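Notes for the one structure printed next.
Values quoted throughout were computed directly from the atomic coordinates according to the rules given, and no laboratory measurement underlies them. Since we're looking at a predicted model, the values are computed, not measured. Because the Cβ atoms are built from the backbone with ideal geometry, glycine has one as well, and the counts that use them run over all protein chains shown.
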């Protein structure tokens, strides 16, 4: 298990969204916002550098489309390695979330703190 307290939540969110199919950055941000009932948001300054990093790591593949508009659109899709990473991160997340839930709901054994 990774040393960090939480796996990369933004990575998990983006990879989860791309399991639904190809999407451009704006659609990914909208999907995350809508599927979290407005609680989670990825701003452009976080999302686009993250997509570049995921592409460099081979977790997503991007392709440029020029649909006759002034601005080309880049669509991203999940790779097999991205699917594996998502599975791994979700497993770690579930273990940590269960441990935290147990601790904050006082379901664990009580120890005196000195």
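The residues 76, 26, 48, when put in order of fewest to most other Cβ atoms within 10 Å, stand as 26, 48, 76. Each label was represented as a point 7 Å from its Cα along the Cα-to-Cβ direction; for residue 43 and residue 30 these points are 2.1 nm apart. Under Stokes-Einstein, with the Kirkwood radius over Cα pairs standing in for Rh, what whole-number D in µm²/s applies to the stretch 20-91 at 4 °C and 1.567 mPa s? It diffuses with D of about 99 µm²/s by this estimate. Going from the residue with the fewest nearby Cβ atoms within 10 Å to the one with the most, 46, 79 rank 46, 79. Legend: ranking of residues 11, 60 from fewest to most surrounding C-beta atoms inside 10 Å; resulting order 11, 60.
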